[in-house]
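The values are calculated or read from the model by the stated rules, or taken from the named source; none is laboratory data. Just so you know, these numbers come straight off a predicted model, no measurement behind them. FYI the Cβ positions are ideal-geometry reconstructions off the backbone, even for glycines, and counts take in every protein chain you see.
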Amino acid sequence: MNINLPEGLKISEKDVLTAVATRLYDTGKVTIEQAASMAGYNLSAFIEELTAQSLQENAVAVYHY
């Protein structure tokens, strides 16, 4: 599978894989174990990543309100 990203976008392959895996997990398409594997994390590291993303999203939401 190829993903065409905008030219000049500074994002790592790991970040793209993590974003895709996270979205698939959030929508119930894959298990958390499958998502962790897809993104190249062990389960505990992936849970930490999800927690960090959740904290960032909450910080943004609080900031906008």
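Among the residues of region 14-65, those identified as basic (Lys, Arg) and either part of a helix (DSSP H, G or I) or at pLDDT below 90 (or both) are Lys14, Arg23.
Here are the criteria: (1) in a helix (DSSP H, G or I); (2) among the aliphatic types (A, V, I, L, M); (3) modelled with pLDDT of 90 or more; (4) exposed (fewer than 10 other Cβ atoms within 10 Å of the Cβ). Tell me which single one Leu9 does not satisfy. Condition not satisfied by Leu9: (1).
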